[in-house]
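A.B. asks: Would you mind keeping the following structure in view while I ask a few things?
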């Protein structure tokens, strides 16, 4: 009877503990995690740069293989949990995906937004704003372009969000460049207004949140934007050339010396070369094993072979003179 009483007491304690956790979870307002969509087909497979491979699997995982020692060795690393975030109801753009990376020993989930255009993957790109479902996509650059991806690379460790980024406004042959920076101010749905060359008023969002980080373009509580760059631009084949009236932002002079390559795909705008390109490798494990099994030729010596002619008689004479002292 005494043993039965102890069992009942333990059962009651366990039941109370379970009820306590259920009530606490309910009061916290948290909902159970939603099932994330599977990895999209355009993203699955092997991608590469001159210094690494990046592979996305159907099991919502990602791994990086470094081409170490000048490419002589392919060094694989463990898989990283890589979930695809739920697409937004408004502003969903084909080919643009938000990845949720869970690095080992890291509590915070890292967001990384990418744009896949055919066999090219971009981390630094812009989206046309606003993105309405029924909006007709213009073939020109006209519109407001807001940075959507600010990542610099796909890494083995969490990345840091960009301190600043630029928003571009194209209107005919004129352009306007506005800088945004990180802020800890309270986010509000307010516009940032400025007037163009022809007196036309433009409206930008005062606050922009990218991958969980909040940015703004105005330091005060007002809505008047006074510090922005304006000028004209021309399209030369697949490149843009900017002609600013006055260079406002330091460090941007180099952007105007040479034409800037760009790709316009509907509501997606990218500058420069892609970060990753689709690899011809389909079996990455087999490629790693075959590559690392290769015998490397010996390195070329720093100095070429030289046949030296030592004058031993002169050496002995010098040695004898030194010993005689």
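Every number here is computed from the coordinates shown, using simple stated rules; none is lab data. Just so it is clear, the structure is predicted and the values come from calculations on it, not from any experiment. FYI the Cβ positions are ideal-geometry reconstructions off the backbone, even for glycines, and counts take in every protein chain you see.
A.B. asks: For residue 106 and residue 295 in the same chain, what is the full-extension length gain: residue separation times 0.36 nm, less their Cα-Cα distance, in nm?
C.D. replies: 64.2 nm
A.B. asks: Please give the peptides 120-129, 310-319 ranked by average Cβ packing (other Cβ atoms within 10 Å per residue), highest first, as a rough proxy for protection.
C.D. replies: Packing proxy ranking, top to bottom: 120-129, 310-319.
A.B. asks: For 107, 294, 206, which order do you get if you count the other beta carbons within 10 Å of each Cβ and list the fewest first?
C.D. replies: Lowest count first: 107, 294, 206.
A.B. asks: Something else: What number, in percent, do you get for the relative contact order of region 41-284 if the mean sequence gap of Cα pairs under 8 Å and at least 6 apart is divided by its residue count?
C.D. replies: Once divided by the residue count of region 41-284, the mean separation gives 17 percent.
A.B. asks: Moving on. Could you tell me what a quarter of the Cα convex hull surface of region 41-284 works out to, in nm² with one decimal place? Show your work: numbers first, answer last.
C.D. replies: On the way: hull surface 61.5 nm².
Answer in nm², one decimal: 15.4.
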